[in-house]
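S.K.: This is the structure I have questions about; it appears just below.
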Amino acid sequence: MKKLLFLLILALTVSCGSSKKASTGIAEDELIITRKYVGVFMDYRHTGPENYDGPNIIWVKTSMEDMYGKISAYGKKCEFSEGDRLYLRRTFYSPGIVSGYWVYTLENDSSVSYRATDLQHDREVFIKTWFE
C-alpha cells in the first residue's frame with residue numbers, strides 16, 4: 001500500500017512539475033521591444049506610383065531624421081499633426097503553425113497609423129534592423 005501511494009504521489013509530482021516549453025523560433029528579446037520612438041513629426045511628402053499598380057508612399061520627416069532619415073510608409077495623405085510624437089511599432093503575425101512575419105507601423109499617441117515599408121529607401125536599410 002505504501003509503495004502504491006508513493007508511486008501515485010511521484011506520478012502526480014512529475015505530471016504537475018514545470019517543464020521547458022519548445023522554442024517558438026523568436027528570441028525572447030525580440031518580443032520585449034515592440035514600440036520604438038522615432039521623433040517628433042515635422043513634415044511629409046507624397047509620391048505616387050510609377051505605374052497604375054504601384055503603391056502610394058508618404059515620406060515622413062521627424063526630429064530624428066539625422067538618425068533614421070525620412071521614414072517611408074504606405075498612404076496618399078498623412079494625418080499626423082506637427083509636434084506629434086511618432087513611434088514605430090512591430091507586430092508579429094503567425095497565420096500558420098510553422099512560420100510568421102513582422103509588420104511595422106508608424107503611429108502617433110492617438111489613433112493615426114500607417115504601415116511602414118519593409119525597405120527604408122532614404123537610407124537603404126531594412127526597417128527590421130532598427131529593432132536589432
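What follows is calculated from the coordinates using simple rules that are stated; it is not laboratory data. Quick caveat: nothing in here was measured; it's all calculated off a predicted structure. Heads up, the Cβs are rebuilt from the backbone with ideal geometry, glycines too, and the neighbour counts pull from every protein chain shown.
S.K.: Taking the mean number of other Cβ atoms within 10 Å as a proxy for protection, how do you rank 34-44, 120-130 from highest to lowest?
M.R.: 34-44, 120-130
S.K.: Any chance you could list P(r) for segment 39-131, counting all Cα-Cα pairs in 5 angstrom bins from zero, rounded to whole %?
M.R.: Per 5 Å bin, starting at zero, the Cα-Cα P(r) for segment 39-131 comes out as 3, 13, 23, 25, 17, 11, 6, 2, 0 percent.
S.K.: What is the fewest-to-most order of ILE57, ILE71, ILE97 by other Cβ atoms lying within 10 Å of their Cβ?
M.R.: Final ranking by Cβ density, sparse to dense: ILE97, ILE57, ILE71.
S.K.: Restricting to DSSP loop positions (anything but H, G, I, E, B) with no more than 12 other Cβ atoms inside 10 Å of their own Cβ, which GluC sites (Glu not before Pro) remain in segment 30-75?
M.R.: GLU50
S.K.: To continue, here is another question. For the residues VAL112, VAL60, VAL98, what sequence is obtained by ranking on other C-beta atoms within 10 Å, fewest first?
M.R.: Taking fewest neighbouring Cβ atoms as first place, the list is VAL98, VAL112, VAL60.
S.K.: Further, regarding this structure: Extension gain SER81-ASP66, at 0.36 nm per residue separation less the Cα-Cα distance, in nm?
M.R.: Length gained between SER81 and ASP66: 3.4 nm.
S.K.: Would you order ARG45, ARG90 from fewest to most other beta-carbon atoms within 10 Å of each residue's own beta-carbon?
M.R.: Fewest to most other Cβ atoms nearby, the residues stand as ARG45, ARG90.
S.K.: So for segment 39-131, averaging the separation of alpha carbon pairs under 8 Å that are six or more residues apart and normalising by length, what relative contact order in percent results?
M.R.: Computed over segment 39-131, the figure is 24 percent.
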